[in-house]
Each structure stands twice: as structure tokens, then as C-alpha cells.
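To keep things clear, I will list the structure first and then write my remarks on it.
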Amino acid sequence: MRLVDYAKAHLVVVPIDAIGALIAAGSVTIDGRVGRIDSRVDATATVEVEHAALKRILVPEPIPLAIVHEDDDLIVCDKPAGMHVHPLGLHRDGTLLGALLWHCGARPDQPWGRWRPHPLHRLDRAASGLIAIGKRAAVHEQVRQRFAEHAIERRYRAVVHGCVAGETGTIDAPLGRDPTCDYRRAVVPGGQRAVTHWQVLERERDRTWLELTLETGRTHQIRAHLASIGHPIVGDTLYATGRNAAAVISLHAALLRMRHPRTGKPVTWTSANKVQRLDV
């Protein structure tokens, strides 16, 4: 495969938006030769990344972590709202990845620690809640396959604007890039299939508390789906009004259930925190 695709698949500790620049700077070699974006990588190749280049990208930071579970294979954290998982664009500091690197023993002069954090799924910066991180590339690959097979359950809690009709329902609508806004998703013909199941937990004046279960895992799936039925998440200015996304929204990843990658036994983690009640 192409070097850029190989790096995205295997160098998961590096933010995707930094991989192209890393290769373009000549910091990645294939069998000792400087690689390019379209260089081909086969099964016998040795791919190496310059240590100094990684130090500029991966910055360990002594940020406290809310750890729900940790063993030799994975760690589950309860991420606060407003924190990026990876460094992205101008947001290079204060990330979950920086905190994890420090936790595993990495320091500013040494970007690798006892293990390498591999986030196993997405969680928007503005959302809070559970996110699982693999400690080995093999764990990342195994769990990613289970996500593809819909063998992992994720439940979210959200507070939405308006009174949602009915007690339960399913939003089965394809999602793709919003033609009017490149960084927003929308229900569009020919988009990727996306399915969100919802259940009403509580009604409070002009707001509804929902529990949501994902059957698929598309970018901004819950946010875009709820906005498409006229009930955007409280605080979500990106999908409620079209302005820039807020740092915090009323969306919380409350439960994660899967088979443990080593033992195969079912495990369930729940968040001790609750969805934020925003006064907006």
C-alpha cells in the first residue's frame, strides 16, 4: 500500500493531520530510503520514523486522567468535555493523547514510554465520557475489527432541544459531508449508512433527555442525526445554528461494552459522571 495509508493504519499514536507533513519532511524511511506520500510499502519493508520529528509532534503533558479501568492491554478513561483526543490544527496542547503519553512514562525529551496509546474509537472534543485506548497495535487492530462487526456496544446520554415525540425510535439516515459546510455532517443521498437508536429518559419543559445507542460509528453521527429530526443537542452550536462548534455540549458517552481483547470475556464499563446540564 501507499506509505501515507500504511502510516495512518500503523502509526496511530500520531495525529492523522500530522502524518502527511511528517512524510513530506523526509522523516519517514522505507528500508533506509526516504519515503514519499505515494511510496509503496510491502510486507517485507522496514518503516522507520525519525525520533526528533516525533518529539515535535508528541508532547507528553502531566494532565490528570479519570481512569475507569486499566490492565496490560487497554485503558478506559472518562474524558472531560472540551478536550481533544488527538492534537488537531491549532489545538496541540491539553489533549488526551498528551496526558496518556505522560501516564505511560513518556517525557518531552522521550516521546515513547512503557507502551504506546492507540485510541480505539472517536469521541468529539465537545463531548464527555468513556473512551478506550489500546496499549498495543495488535489490540487496536482487534478492537477495530469488532467495531466493524458491530460487536461493541456504546450508549450515550444527551439533552436535546424540544419535546421529542414518542418514547423510542431509530434514525436510519445516510450521512456525508454537508454541502454547505465542509466540517459538518448532514443527511445526504449516497452518504454512508448510519443508524442511531434512541429512548426518552426524561422530559423537562422544552428539553428531552435521551439515551442513544449507536449501530454504526460515523463522524458526528449522534449530533447530525438529532439535528436532522429537529432536536439538536443543547450547546451544539455547530448543528443548531451553523456557527462554530462549542467547546462543551450536552452529550456524554455513558457505557461501553465489549469482549476483552485478551480473555474474550464480556466486560462493561460505565461512567460515574453525568451528561452536563447546560443553561443555553
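The values are calculated or read from the model by the stated rules, or taken from the named source; none is laboratory data. Please read these numbers as outputs of a predicted model, since none were measured by experiment. Note: ideal-geometry Cβ built from the backbone for every residue, glycine included; neighbour counts use all protein chains shown. The protein model used for the area step is the full one, side chains on, heavy atoms only, and it has no ligands, DNA or RNA in it. Shrake-Rupley method; radii C 1.70, N 1.55, O 1.52, S 1.80 Å.
Looking at the chain, which longest stretch skips every one of the GluC sites (Glu not before Pro) that is in a DSSP loop with at most 10 other Cβ atoms within 10 Å, leaving the sites themselves out? The reported range is 1-148.
Each Lys and Arg Cβ is given +1 and each Asp and Glu Cβ -1; about its Cα centre, the stretch 1-137 then shows a dipole of about 240 debye. Using Cβ point charges alone (K and R +1, D and E -1), the dipole size of the chain about the Cα centre works out to roughly 40 debye.
Fully extending the segment from Val188 to His10 would add 61.0 nm, taking 0.36 nm per residue of separation and subtracting the current Cα-Cα distance. According to the Cα-based calculation, Rg over Rh for the stretch 2-54 is 0.90, with Rh computed by the Kirkwood formula.
Roll a 1.4 angstrom probe over the protein heavy atoms and tell me the percent of accessible area of the chain that is carbon or sulfur. After summing per-atom areas, the C and S share lands at 50 percent. Computed over the stretch 196-254, relative contact order equals 21 percent, with contacts defined as Cα pairs under 8 Å that lie 6+ residues apart.
Annotation: amide H-H contacts under 5 Å for Val195 (H modelled 1.01 Å from N, sequence separation of 5 or more, or interchain): Glu215, Thr216. Here's the list of lysines a cross-link from Lys79 could span, going by alpha-carbon distance under 22 Å and ignoring same-chain residues fewer than 8 apart: Lys135, Lys274. When the trypsin sites (Lys or Arg not before Pro) in the stretch 1-89 are filtered for DSSP coil states and for at most 16 other beta-carbon atoms within 10 Å of their beta-carbon, the remaining sites are Arg36. The stretch 1-145: percent of C-alpha pairs farther apart than 20 Å? Pairs farther apart than 20 Å: 48 percent. Over the chain, accessible surface divided per residue gives 49 Å², non-protein components excluded, 1.4 Å probe. Multiplying the residue separation of Asp72 and Glu202 by 0.36 nm and subtracting their alpha-carbon distance yields 42.9 nm. Listed by chain and number, the aspartates and glutamates whose C-alpha is less than 18 Å from the C-alpha of Lys55, apart from same-chain residues fewer than 8 away, are Asp17, Asp93, Asp109. Solvent-accessible surface of protein heavy atoms, probed at 1.4 angstrom with all chains present, puts Tyr239, Tyr183, Tyr6 in the order Tyr183, Tyr6, Tyr239, largest first.
Estimated at 0.36 nm per residue, the fully extended path between Val267 and Thr180 surpasses their Cα-Cα distance by 27.2 nm. Taking the DSSP bridge list for the chain and keeping only pairs wholly inside it, about 95 percent are antiparallel. In order along the stretch 48-60, the Karplus-derived 3J(HN,Hα) couplings, from 6.51 cos²θ - 1.76 cosθ + 1.60 at θ = phi - 60°, round to 10, 10, 4, 4, 4, 5, 5, 4, 6, 9, 9, 10, x Hz, and Gly and Pro are given as x.
With a Förster radius of 51 Å applied to the beta-carbon distance between Asp38 and Leu278, the computed FRET efficiency rounds to 0.65.
Among Ala43, Ala245, Ala253, the residue with the largest mean-square fluctuation in a Gaussian network model of the chain, with springs joining Cα atoms closer than 10 Å, is Ala43.
Kirkwood-type hydrodynamic radius, the chain: 20.1 Å, calculated from all non-identical alpha-carbon pairs. Are there trypsin sites (Lys or Arg not before Pro) in the stretch 138-232 that DSSP puts in a loop and that have at most 12 other Cβ atoms within 10 Å, and which ones? Sites meeting the loop and neighbour criteria: Arg193, Arg205.
A dipole drawn for the stretch 73-139 from +1 and -1 charges on Cβ atoms has a positive end, and of Leu97, Pro87, Ala138 the residue lying farthest that way is Ala138.
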